[in-house]
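Enquirer: Here it is: the structure, laid out below.
The values are calculated or read from the model by the stated rules, or taken from the named source; none is laboratory data. Just so you know, these numbers come straight off a predicted model, no measurement behind them. Because the Cβ atoms are built from the backbone with ideal geometry, glycine has one as well, and the counts that use them run over all protein chains shown.
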Amino acid sequence: MIDVLIIGGGIAGIETACSLQELGLETLIIEKEKQIGGHLNNWDTLFPTKRSASEILEYYTEQIRKKSITIYLNTTVTSIRKQDDGSFEVYTSREVSFKSKTVVMAHGFSLFNAQRKEEYGYKIYENVITSADLEQTFKQNNDVFVNPMGKIPERVAFIHCVGSRDEKSGNHYCSKVCCITAVKQAIKVKQLSPQTQVFCFYMDLRLYGRGFEEMYREAQEKWGVQFIRGRLSEVAENIDGSLQLKAEDTLAARPFKMSVDMLVLMVGFEANKSTALFHNSCGVACTESRFIQPRHHHLSANATNIDGLFTAGTSIAPLSVFDTLNHAKAAAFAIHSYITK
Ligand SMILES: Cc1cc2nc3c(=O)[nH]c(=O)nc-3n(C[C@H](O)[C@H](O)[C@H](O)COP(=O)(O)OP(=O)(O)OC[C@H]3O[C@@H](n4cnc5c(N)ncnc54)[C@H](O)[C@@H]3O)c2cc1C
Ligand code: SF4
């Protein structure tokens, strides 16, 4: 029987495995994709350091090699069942199952599907993209910045809170990292294309982390990014492919129109679909927002309502890389004390 089976080879799963290995416990990671790293594979540079996401992934790839951590790739966990002896049977898409003393749900998050906000025109108008798409653009084309039509944009607008803090989408929570992601991406646009005018439309700016407020100041003072407290109501396409935005300046309480060459939707986090599968198969408790519910918000943030079943990373809520890694390290300590008790 394995000591710890970890579902998900994103940074949360890998950090949990590395910390557990140092504590002398045997781990197995099961990852549904063909590579480790989760969402970080899709990001260019990371806030607040502006260092490359691939640097973090290279570090963890090396740690996995050094510590000889076993990973099954291309394998999806489909259900978890608690056994009478207190252990777990974990079923996978490969028609094999694994028996483990403990299980860590490190299966991460999903991105909000921006097509659900039809009024913003994602996948209808060519020059409307998401923050995740923009990361891909930065990764593929590091020296020039053009919109999807191949034109250097004169004006780019970022729309905050797409699918978060939004009654209509059924997501009342704040996704926590999209304000600072918009700041990071706005700076990158200005670095690549100083002549482009950049506007961020926000409800409130939530810049809670170390170095975030400094980056926000840098965006305004060094790069001239303009932050407007405003709410977008509708997008329409002009004949040349540029976009007409109808919005309200919520400070001045006045409607206004603006034309831009590219619109970036700051999509929020949603609970990964696997969470519902695990809830149905073993009864793990979930929050109103459909993420995993930790046993105690302050005192037991990695345990769940089921003894031996733990969580790490964004399976519980939107988190930055920094917060994800801290949660994962804490998971390793909680599991070690559970197993050695
Ligand atoms: C647009 C955007 C930009 C961001 N930029 C930054 C940034 O600059 N700096 C920063 O600090 N944070 C950033 N973040 C946040 C960052 O992406 C997360 O903190 C991080 O990805 C969380 O890692 P995780 O391991 O919890 O989840 P994930 O990255 O989602 O990894 C989960 C893993 O589990 C696997 N998995 C899922 N279900 C199963 C299953 N059933 N069976 C097996 N495997 C499964 C997935 O394939 C995946 O590999 C950004 C987020 C967004 C949306
Ligand atoms: S972090 Fe900012 S953009 Fe994201 S949901 Fe919260 S307030 Fe909106």
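Enquirer: Six or more apart or on different chains, Cβ under 7 Å: which pairs go from a residue in the stretch 161-172 that's farther than 15 Å from L232 by Cα to one that's within 8 Å of ligand 2 (Cβ to nearest atom) and of a type in the set (S, T, Y)? Could you list them?
Expert: Pairs that qualify, where the first residue is farther than 15 Å from L232 by Cα and the partner is within 8 Å of ligand 2 (Cβ to nearest atom) and of a type in the set (S, T, Y), are N171/S164.
Enquirer: What pairs can you find where one residue is in the stretch 67-87 and more than 15 Å from ligand 1 (Cβ to nearest atom), the other is in a loop (DSSP other than H, G, I, E, B), and their Cβ atoms are less than 8 Å apart, with a gap of 6+ or different chains?
Expert: From the stretch 67-87, the pairs are K82/I306; K82/G308; G86/D307; G86/G308; S87/M1; S87/G308.
Enquirer: Within the stretch 191-201, is there a residue that is more than 16 Å from ligand 1 (Cβ to nearest atom) and among the β-branched types (V, I, T)?
Expert: Taking every residue of the stretch 191-201 in turn, at least one turns out to be more than 16 Å from ligand 1 (Cβ to nearest atom) and among the β-branched types (V, I, T).
Enquirer: Can you name the residue in the stretch 168-185 that is of a type in the set (G, A, S) and surrounded by 23 or more Cβ atoms within 10 Å (Cβ to Cβ) and, of all such residues, is nearest to ligand 1 (Cβ to nearest atom)?
Expert: Among them, the one singled out is S175.
Enquirer: Just need a number here: residues in the stretch 274-307 that are within 16 Å of ligand 1 (Cβ to nearest atom) and modelled with pLDDT under 95.
Expert: Result for the stretch 274-307: 0.
Enquirer: Can you tell which of I11, I71, I36, I56 is in contact with a strand residue (DSSP E or B) (Cβ under 8 Å, 6 or more places away or on another chain) and closer than 27 Å to T340 by Cβ?
Expert: I71
Enquirer: Further question: Filter the stretch 111-157 down to the residues that are part of a helix (DSSP H, G or I) and of a type in the set (G, A, S), then identify the one that is surrounded by the fewest Cβ atoms within 10 Å (Cβ to Cβ).
Expert: A132
Enquirer: Right, something else. Of everything in the stretch 167-223, what is over 13 Å from V264 (Cα atoms), near ligand 2 (Cβ under 10 Å from one of its atoms) and in contact with a strand residue (DSSP E or B) (Cβ under 6 Å, 6 or more places away or on another chain)? Give them in sequence order.
Expert: Within the stretch 167-223, S175, M203 meet the criteria.
Enquirer: Taking I180 as the residue in question, decide whether it is in the same structural domain as M262 (by TED's automatic domain parsing), part of a helix (DSSP H, G or I) and under 20 Å from L232 (Cα atoms).
Expert: Here the answer is yes, as I180 does meet what is asked.
Enquirer: Of I56, I29, I64, which residue is touching a Leu at 6+ places or on another chain (Cβ under 7 Å), outside the structural domain of F212 (by TED's automatic domain parsing) and either more than 29 Å from G211 (Cβ to Cβ) or among the aliphatic types (A, V, I, L, M) (or both)?
Expert: I56
Enquirer: Please specify each residue of the stretch 138-166 satisfying the condition of being basic (K, R) and within 16 Å of ligand 2 (Cβ to nearest atom).
Expert: Selection gives R165 alone.
Enquirer: Next up: For the stretch 70-110, how many residues are among the aliphatic types (A, V, I, L, M) and surrounded by fewer than 18 Cβ atoms within 10 Å (Cβ to Cβ)?
Expert: 2
Enquirer: Give me the pairs: first residue in the stretch 200-216 and more than 13 Å from K176 (Cα to Cα) and free of Cβ contacts under 8 Å to residues at least 12 places away in the same chain, second residue within 9 Å of ligand 2 (Cβ to nearest atom) and acidic (D, E), beta-carbon distance under 9 Å, and six or more apart or on different chains, which are they?
Expert: Here the result reads none, with nothing in the stretch 200-216 linked to a residue that is within 9 Å of ligand 2 (Cβ to nearest atom) and acidic (D, E).
Enquirer: Only strands (runs of 3 or more DSSP E) wholly contained in the stretch 220-331 count here; list those with 2 or more residues that are on the phi > 0 side of the Ramachandran plot, buried (at least 16 other Cβ atoms within 10 Å of the Cβ) and in the same structural domain as C178 (by TED's automatic domain parsing).
Expert: No strands (runs of 3 or more DSSP E) qualify here.
Enquirer: Quick check, is A186 within 21 Å of S259 (Cα to Cα), outside any strand (DSSP E or B) and within 14 Å of the chain's Cα centre (by Cα)?
Expert: Considered against the rule, which asks whether it is within 21 Å of S259 (Cα to Cα), outside any strand (DSSP E or B) and within 14 Å of the chain's Cα centre (by Cα), A186 comes out as no.
Enquirer: Working only within the stretch 189-219, note down all residues that are among the aliphatic types (A, V, I, L, M), assigned to a loop (DSSP other than H, G, I, E, B) and in contact with a helix residue (DSSP H, G or I) (Cβ under 6 Å, 6 or more places away or on another chain).
Expert: Passing the criteria: L205, L207.
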